[in-house]
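Only the coordinates and a few stated rules stand behind these numbers; no lab work does. The model shown is predicted, which means the values in this text are computed figures rather than measured ones. Please note: Cβ atoms are built from the backbone with ideal geometry, for glycine as well, and neighbour counts cover all protein chains shown.
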Amino acid sequence: MNKNEPIGSIGLANVPEAQAAGQQVRSFGEFVGLMALMISLVALSIDAVLPALAEMGQELGVQRENDNQLIISLLFLGMAAGQMIYGPVSDSTGRKPAIYAGFGLFMGGSLLALLAPSFPLLLAGRVLQGIGAAGPRIVTVALIRDQYEGRAMARVMSFVMAVFILVPVIAPLLGQTILLVAHWRAIFGLYLGLALIASLWFALRQPETLAPGQRSPFSLTRIGQAIREVVSNRPALGYTLALGTVFGAFIGYLNSSQQLFQNQYGLGQLFPLYFAILALAIGSASFLNARLVMRYGMRWLSRTALLTLAGLSLLFWLLAYAWAGQPPLAALMIYFLISFFCIGLLFGNLNALAMEPLGHIAGIGAAVVGSLSTFISLMLGTLIGQSYNGTVLPLVAGFALLSIASLMVMRWVEARRL
């Protein structure tokens, strides 16, 4: 059977094995829904908790308001560490055991955060959540690749990513709704419940897609070799650094968005609405990029987006300074909409450019690129977030400086091509 067929089942030789094991072969729609739920746990874990940051910090005795941002940052820390491991583990044990491990860690972290009597224990739960969430996020793509290729895989991924893009739009609203009727700990109860549903659905309806004969032994040496190849390959390293740098600006925004909108601008319960509007800018850029990249190419789009982001941020910083760090909300939203559209273009293109020379080690190469870029963005984004001083100036300055730095890295990479 051809992998490219957009069939209503898994479409591989694993079908008889699944039926022999008593597992039903899913419809195409069910498969897409399951994959979308598993990948979306990451975005939900980040964004649904944003409206509750102030309440969580107040109840758990946080002294510095900026320290509440660690609830977001440490989830990324866990994800950065987890990304490096799950791909090789799934190649060795099969896809299902690796995803089970991820769900188990995620649920353990959710339970720890749900019951945490102190802020340090809550943060430990968030790190564990991040390590766990990296499992379904990384291995799901490999699982899809096991079953589909070419246009069929692109079709599945387009449906899955459409759901993934919509989650940041609705997640803060979901978190805010929970706060209206329940305690903030109920958000972690939601995480726990959704992970349990997804893991049971996955266990009962998804057959293993990596046959024992196709597995490779787990090897730290292989991971080390992949890391050495990425850091010794100028385009792979350069575009990974550029991706991590510009993503650092976005993490800086995520870290300080609740303080910015709810406290500084007094939006209160309207915060999820403004967050959703800006999330749509990133989502629309991701959709349009599929057409734009075929016409203009990844490098031209990336340079243009970075130039626009850098120039606009420098100009807006001057305007914000003239407004004593608090420009009109309408002006801030226009700036963010354009900036996030540029960032939406950069995410996919810089990642693809980093992966371009790594086709022969695509699986573990993607893990290294993802992990390294997330570590870089986490450090830079945390620095920006912790610099928040009740004005937009640190955040806008971070956008300007990091986009300029990304441009300089791109120039360094492409100097070899000239």
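Run lengths n ≥ 4 of DSSP H only: what is the helix-derived mean residue ellipticity at 222 nm for the chain, with -39500 (n - 2.57) per run over all residues, to the nearest 500?
Counting only the DSSP helices, I get -27000 deg cm²/dmol.
Label the range 221-418 by shape, choosing from rounded, prolate and oblate, from the square roots a ≥ b ≥ c of the eigenvalues of the Cα gyration tensor; if a/c is under 1.5 it is rounded, and otherwise prolate applies when a/b is larger than b/c, oblate when it is not.
prolate
Any idea what angle helix 362-386 forms with the longest principal axis of the chain, computed on alpha-carbon atoms, 0 to 90 degrees, nearest 10?
20
Test of understanding: ordering SER257, SER27, SER45 by Cβ neighbours within 10 Å, fewest first, what list do you get?
Starting with the residue having the fewest Cβ neighbours, the order is SER27, SER257, SER45.
Could you tell me which of rounded, prolate or oblate describes the range 61-129, using a ≥ b ≥ c as the square roots of the eigenvalues of the alpha-carbon gyration tensor, with rounded for a/c under 1.5 and, failing that, prolate when a/b is larger than b/c and oblate otherwise?
Oblate.
Identify which of the listed values of volume of the Cα convex hull per residue in Å³ was calculated from the structure shown: [x] 135; [y] 161; [z] 191.
The listed entry that was calculated here is [x].
Per residue of the range 92-102, in order, report the coupling 6.51 cos²θ - 1.76 cosθ + 1.60 (Karplus, θ = phi - 60°) as ³J(HN,Hα) in whole Hz, putting x for Gly and Pro.
Coupling constants for the range 92-102: 8, 9, x, 5, 5, x, 5, 5, 4, 4, x Hz.
Roughly what angle does helix 393-415 make with the longest principal axis of the chain, taking Cα atoms, 0 to 90 degrees, to the nearest 10?
So the helix axis and the longest Cα principal axis differ by about 50 degrees.
Once the other residues with Cβ under 15 Å from the Cβ of GLY175 are scored (Lys, Arg +1; Asp, Glu -1), what is the net sum?
Surrounding charge for GLY175 is 0.
Sort THR240, THR382 so the one with the fewest other Cβ atoms within 10 Å of its own Cβ comes first.
The fewest-first ordering by Cβ neighbours comes to THR382, THR240.
How would HIS360, HIS183 line up from fewest to most surrounding beta-carbon atoms within 10 angstrom?
HIS360, HIS183
Picking from GLY224, GLY252, GLY385, which is most flexible by a Gaussian network model of the chain using Cα springs under 10 Å?
Its mean-square fluctuation being the largest, the pick is GLY224.
With everything on Cα atoms, drop me the angle between helix 185-205 and the longest principal axis of the chain, reported from 0 to 90° to the nearest 10.
20
For the range 78-104 and the range 108-175, what is the separation of their C-alpha centers, rounded to whole Å?
Cα centres, the range 78-104 to the range 108-175: 13 Å.
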